[in-house]
Amino acid sequence: MTSVVISGTGLYRPPHVITNAELVEAFNAYAAMQNEKHAAAIAAGERAPIVPSSVEFIEKASGIQRRYVIDKEGVLDPTRMYPRFTERPDDQISLMAEIGVDAARKALEAAGKTGAQVDMVLCAAANMQRAYPAMAIEIQQAIGAGGYGFDMNVACSSATFALEQAVNAVRAGTANCVLIVNPEITSAHLEWRDRDCHFIFGDVCTALIVERADTATSADQWEILGTKLATQFSNNIRNNFGFMNRSEDSDPNARDKTFRQEGRKIFKEVVPMAAAHIEGHLASLGIEPAAVRRYWLHQANVGMNHLVVKKLVGQDAGSEVAPLILDEYANTASAGSIIAFHEHHADLPAGSLGVVCSFGAGYSVGSVVVRRK
Ligand code: CO8
């Protein structure tokens, strides 16, 4: 079987940071304004007041301390509470493709490849800017790649599901060098006015080069030993935004047209699902969980990651075993486990085993077992 490697990674980090303190200040200003506006209805018991948010809760419940965003001013404006992007003409590169190209160029450089050597582009993310043409094809043109490209969405598992598509394409001989990009502009689909989830997400874009081992020249190569994907339907993470909204005569600004979740239920249901998935995948490859040097897990909640690792290796694992990037980046949907891999693999010696694993909406779980060459 053709040996396939990850030979380079790249990261686009947006220019602005929002700390929890800034976020909570904006939310509480919004809440005070709304409560004042609706004071009579609240006093009459017809409407519930908006309860303030708190930095202490956010840090304790999630482990998130700050997040990067493409636009800060719109998000923190209590009269707006979502980012402000300028609509671009059709002959200008789209925002998703622009950040995709930035991360892609860094991954290409790390892999020692040119855009022309890429013959498959996958744009895999939790939200797509438009229906068509595919952002992947726009990125393919911008970097001068050949072959073909397409967009795909499996929410937080988009990157690991794309990794399996890339491996299969290289093994089948339908591609030699695949570029995967994960432009996650989560700020545009987060309800910043909802106290239960306003702190959760951040913007970012990751990129990976996946190619035949016999064409790879990078000094930093990770052989892909196996991929395993699983899905199980759940409404606990849902967004009803879509192209049929107009025909349904539904309100495009209604709460269900942005991200919604049942955080507690997800925590309870996804932790055992992810741990069993990884354990089963490793067993199928004859690998003991304790033999894995590093787990680059989906970054949604610090407690969740501790529990997954504890179920796998039977002890509290520190950041050496399962590095955390959530504190700095928040949840970046499908890019989270890839950021963890990008930032925390350089120290591992040849032969080290690792697992990249995502879990999220769908539900979906994707694991990729790798070994350093
Ligand atoms: N400030 C202060 N108090 C708060 C706040 C706040 N901001 N929010 C809630 N509280 C209060 C609640 O009112 C509640 O009070 P009470 O006990 O009096 O009722 C108390 O805090 C506890 O509330 P919760 O039970 O909701 O809190 P949890 O401890 O469960 O923590 C979390 C909430 C952090 C959301 C946690 O449940 C969690 O992280 N769960 C896992 C979520 C997860 O993994 N989600 C994956 C989704 S990501 C994904 O798949 C990608 C989707 C596509 C991306 C789209 C981009 C936008």
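Show me the strands (runs of 3 or more DSSP E) found entirely inside region 99-204 where at least 3 residues are in contact with a helix residue (DSSP H, G or I) (Cβ under 6 Å, 6 or more places away or on another chain) and away from the ligand (no atom under 16 Å from the Cβ).
The qualifying strands (runs of 3 or more DSSP E) are 120-124, 177-184.
Checking E59 against (1) surrounded by fewer than 17 Cβ atoms within 10 Å (Cβ to Cβ); (2) part of a helix (DSSP H, G or I); (3) in contact with a Phe, Trp or Tyr (Cβ under 8 Å, 6 or more places away or on another chain): exactly one of these is not met. Which one?
(3)
Given the options V69, V75, V55, name the one that is without any contact (Cβ under 8 Å) to a residue 60 or more places away in the chain, within 16 Å of the ligand (Cβ to nearest atom), under 30 Å from E25 (Cα atoms) and in contact with a strand residue (DSSP E or B) (Cβ under 9 Å, 6 or more places away or on another chain).
Just a single option satisfies the conditions, and that option is V55.
Six or more apart or on different chains, Cβ under 6 Å: which pairs go from a residue in region 173-187 that's of a type in the set (D, E, K, R) to one that's within 16 Å of the ligand (Cβ to nearest atom) and not in a loop (DSSP other than H, G, I, E, B)? Could you list them?
As it stands, the answer is E184/V204; E184/A333; E184/A335, since those pairs meet every condition given.
So, in region 344-364, exactly how many residues are more than 14 Å from the ligand (Cβ to nearest atom), in contact with a strand residue (DSSP E or B) (Cβ under 8 Å, 6 or more places away or on another chain) and touching a residue at least 60 places away in the same chain (Cβ under 8 Å)?
5
Any residue in region 49-56 that is part of a loop (DSSP other than H, G, I, E, B) and among the hydroxyl-bearing types (S, T, Y)?
Yes, because at least one residue in region 49-56 is part of a loop (DSSP other than H, G, I, E, B) and among the hydroxyl-bearing types (S, T, Y).
Within region 218-233, identify whether any single residue is part of a loop (DSSP other than H, G, I, E, B), among the aliphatic types (A, V, I, L, M) and more than 27 Å from L353 (Cβ to Cβ), and answer yes or no.
no
Give me the pairs, please: first residue somewhere in region 286-300 and of a type in the set (V, I, T), second residue anywhere and more than 16 Å from the ligand (Cβ to nearest atom), beta-carbon distance under 6 Å, and either six or more positions apart or on two chains.
V292/L353; V292/V355
Every residue, every condition in (1) out of contact with any Ser or Thr (no Cβ under 6 Å at 6 or more places or on another chain); (2) at pLDDT 95 or above; (3) among the basic types (K, R), yes or no:
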{"site": "G318", "(1), (2), (3)": "yes, no, no"}
{"site": "D327", "(1), (2), (3)": "yes, yes, no"}
{"site": "A333", "(1), (2), (3)": "no, yes, no"}
{"site": "H345", "(1), (2), (3)": "yes, yes, no"}
{"site": "C357", "(1), (2), (3)": "no, yes, no"}
{"site": "A361", "(1), (2), (3)": "yes, yes, no"}
{"site": "G366", "(1), (2), (3)": "no, yes, no"}
{"site": "K373", "(1), (2), (3)": "yes, yes, yes"}
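What number of residues within region 200-217 satisfy the criterion of being crowded, with 17+ Cβ neighbours inside 10 Å and in contact with an Asp or Glu (Cβ under 9 Å, 6 or more places away or on another chain)?
Qualifying residue count, region 200-217: 7.
Which of the residues belonging to region 141-194 are surrounded by fewer than 24 Cβ atoms within 10 Å (Cβ to Cβ), among the β-branched types (V, I, T) and more than 20 Å from V101 (Cα to Cα)?
Passing the criteria: V154, V167, T174.
List, please: which pairs have Cβ atoms under 7 Å, are six or more places apart or on different chains, and start with a residue in region 314-343 that is within 22 Å of I18 (Cβ to Cβ) and end with one that is surrounded by fewer than 24 Cβ atoms within 10 Å (Cβ to Cβ) and of a type in the set (D, E)?
I325/E343
Just to be sure before I move on: is G242 assigned to a loop (DSSP other than H, G, I, E, B) and of a type in the set (G, A, S) in the structure I sent?
The answer is yes for G242.
The values are calculated or read from the model by the stated rules, or taken from the named source; none is laboratory data. Since we're looking at a predicted model, the values are computed, not measured. Glycine also receives a Cβ, built like all others from the backbone with ideal geometry; neighbour counts cover every protein chain displayed.
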